[in-house]
Amino acid sequence: QVQLVESGGGLVQAGGSLRLSCAASGRAISGYAMAWFRQAPGKSREFVAAIKWTGESTSYADSVRGRFTISRDNAKNTVYLELNSLKPEDTAVYYCAVEGVPFGRGSVSDRNYAYWGQGTQVTVSS
C-alpha cells in the first residue's frame, strides 16, 4: 500500500503562486496515473488535474486550465502541482491521489482513485 503526504499549501494573496508536492512512500507510483483534487468547506470534492502514468499527457479542470500545472518525478516518487494566478475561488484543501488501476491516463472521477493523502490547505485572500 502507498502512503501519500501533501505539502506546500499556505496563505497567499490573489495572483500569487504556490507549489504543492505529493510524496509517495511504501510503493512506487511510476505505473499509475496521479491526480489532484480539492474540496472547499461545504462543497464536494472536485477534480483539479491528472497526469498519465507515463507523464506524457495531462488533463485539467476548466477552472484551472492555463493556471495550474501538474507534473511528476518518478525518480523521487513525487507529484507536483504548480498553482499560478491564484484566485479566492481556489481556496480549498488539496489532495493528491493514486489511480486504482495501473497504466491509466488519469480519471476525473474520484471514485477511480485508491489512495489519498491527508491534504494540504490552500487559502487565497482577496
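The values are calculated or read from the model by the stated rules, or taken from the named source; none is laboratory data. Everything numeric here is computed off the predicted structure, so don't read it as measured data. Every residue, glycine as well, gets a Cβ built from its backbone with ideal geometry; the counts of neighbours run over all protein chains shown. Surface accessibility is based on the protein's heavy atoms, side chains included, excluding ligands, DNA and RNA. Shrake-Rupley method; radii C 1.70, N 1.55, O 1.52, S 1.80 Å.
Points worth noting:
- Estimated FRET transfer efficiency when R0 is 22 angstrom, pair Arg65-Lys43 (beta carbons, to 0.05): 0.70
- Nonlocal amide H pairs with Ala114, under 5 Å, H built at 1.01 Å: Val98, Glu99, Gly100
- Within a Gaussian network of the chain (alpha carbon springs, distance under 10 Å), most fluctuating of Pro41, Pro88, Pro102: Pro41
- Rounded to the nearest 10 Å², the accessible area of Lys52 at probe 1.4 Å: 50
- Solvent-accessible area per residue, Å², over region 1-59 with all protein chains present [probe radius 1.4 Å]: 49
- Each part reduced to its alpha carbon centroid, region 1-60 and region 100-126 end up 6 Å apart.
- Taking all Cα pairs closer than 8 Å and separated by 6 or more residues, the relative contact order of region 1-48 comes to 31 percent.
- Integer Hz, Karplus 6.51/-1.76/1.60 couplings in order for region 115-125, x for Gly and Pro: 10, 9, x, 7, x, 9, 7, 10, 10, 10, 8
- Space enclosed by the convex hull of the alpha-carbon atoms of the chain, per residue, Å³: 89
- Within straight-line cross-link reach of Lys52, lysines at Cα separation under 25 Å, skipping those fewer than 8 residues along the same chain: Lys76
- Surface accessible to a 1.4 Å probe, Asp73 within the full protein complex, Å²: 50
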